[in-house]
Amino acid sequence: MTSLHRECLERVDGKPTLLYDNHKRRRHGPRIAVSESTAQAIEARQKELDQLPAVPACEQWLFPSPGQRNRPRRSHLTTAQFCNRIFRDWVDELIPDLVDDRLDDNGEPLAYDRTQVVPYGFRHAYAQRHADAGTRPDVLRELMDHRSLDVTMGYYKVSLTRKQEAVKTVARLAVDRHGAPRGFEDALAYEVESVGVPYGGCTEPSNVTAGGGHCRIRFQCAGCDFYRPDPSYLPALEQQIADLRADKESALAMDAADWVVRNLDDQIRAYSKSADEMRRKLEDMPPEERAAVESASRELRKARSAAAFFPLQALHTRSPE
């Protein structure tokens, strides 16, 4: 990106688009959508350049060459100049303290080796975040300009491994609608015997076969003996409880029938029982174990929110016996 042209930003239907040159693949002028914040940063840079004296050999570049001793300024900032000077100064001066996952002899986190923070790492992080978010492989391949789809699929393998590890962590912590422990023996059982529904897992066989789209009681999970929430669903449970309480207030204001209010009360109590039991278990865990569960839960929620988490049972079709 050090070779970006000064007029590298366009707006297509009001959306910012970046024009750049991929020197590695010898592709000039491809376009990529960028965020509004990135577009504003580019526009701010363009305004800065407008206020500086023009250098004929550098005026077409967004990042003109700073020049070298006894040499005139030509062309744009080089990759070596950016990596060895500008980027290193930014890492050393502006990034706060970084710690490693490893611990020293006293159990304190070790300082992360800042020399390992390199610009190319942002490319990998960009690709991995897209894979984690469920971007289609063919789309990510184009974004990354990979020649082979196999290279692109490497990021999805990392994403799948993370999800599998997350499943192993939370599967054993599932409870039933009464809050009693009903953990799965292993990750495979969690995936094959249950399916994700809005507020937890469901083990009802026909719903599992239908990938979660065939609930016989219209997703009133709190009253179902097949309901299996786990800690990764806690935020969804808490939101559901808050929504039910708001619905109850609306029902009371509307002078709704008593059975409507009773139904809402019953659901609030049932969901709260499951949520309270899972929170109690988390609070009783050692800090390191609790942190691992919370991290695994975040990984699974991220996958679900991106519609990228398709458990095995969602594709599973039972063979006739």
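Scanning region 206-224 for residues that are in contact (Cβ under 8 Å) with a residue 60 or more places away in the chain and surrounded by fewer than 22 Cβ atoms within 10 Å (Cβ to Cβ) yields T209, G211, G212.
If you go through region 27-70 and pick out every residue that is of a type in the set (D, E), touching a strand residue (DSSP E or B) at 6+ places or on another chain (Cβ under 9 Å) and not in a helix (DSSP H, G or I), you end up with 0. Among all residues of region 165-187, there is none that is of a type in the set (D, E, K, R), in contact with a helix residue (DSSP H, G or I) (Cβ under 8 Å, 6 or more places away or on another chain), modelled with pLDDT under 85 and crowded, with 16+ Cβ neighbours inside 10 Å.
Scanning region 71-92 for residues that are among the charged types (D, E, K, R), over 28 Å from the mean Cα position of the chain (by Cα) and not in a strand (DSSP E or B) turns up R73, R74, R85, D89. The residues of region 23-71 that are loosely packed, with under 14 Cβ neighbours inside 10 Å, touching a Leu at 6+ places or on another chain (Cβ under 8 Å) and touching a residue at least 60 places away in the same chain (Cβ under 8 Å) amount to a single one, I32.
Inspect all residues belonging to region 1-8 and state whether any of them is hydroxyl-bearing (S, T, Y), within 26 Å of T115 (Cα to Cα) and part of a helix (DSSP H, G or I). Spell out how you get there, then give the answer.
Within region 1-8, the first condition is being hydroxyl-bearing (S, T, Y), and the residues that meet it are 2-3.
So of that shortlist, the ones also within 26 Å of T115 (Cα to Cα) come out as 2-3.
Adding the requirement that they be part of a helix (DSSP H, G or I) leaves none.
Within region 1-8 (the criterion being hydroxyl-bearing (S, T, Y), within 26 Å of T115 (Cα to Cα) and part of a helix (DSSP H, G or I)), the answer is no, since none of the residues qualifies.
Determine which single condition T152 fails, assuming it passes every other condition in (1) over 22 Å from R27 (Cα atoms); (2) surrounded by 20 or more Cβ atoms within 10 Å (Cβ to Cβ); (3) out of contact with any Gly (no Cβ under 7 Å at 6 or more places or on another chain). T152 satisfies every listed condition except (1). Of all residues in region 123-133, those satisfying the criterion of being closer than 9 Å to Y156 by Cα and either among the hydrophobic types (A, V, I, L, M, F, W, C) or in contact (Cβ under 8 Å) with a residue 60 or more places away in the chain (or both) are A131, D132.
A quick yes/no check of all residues on (1) within 17 Å of V175 (Cβ to Cβ); (2) surrounded by fewer than 19 Cβ atoms within 10 Å (Cβ to Cβ); (3) not aromatic (F, W, Y):
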{"residue": "A189", "(1), (2), (3)": "yes, yes, yes"}
{"residue": "P198", "(1), (2), (3)": "yes, yes, yes"}
{"residue": "F226", "(1), (2), (3)": "yes, no, no"}
{"residue": "L237", "(1), (2), (3)": "yes, no, yes"}
{"residue": "V261", "(1), (2), (3)": "no, yes, yes"}
{"residue": "M285", "(1), (2), (3)": "yes, yes, yes"}
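The values are calculated or read from the model by the stated rules, or taken from the named source; none is laboratory data. Predicted, not measured: the structure shown is a model, and the values here were computed from it. Glycine gets a Cβ as well: all are built from the backbone with ideal geometry, and neighbour counts include every protein chain shown.
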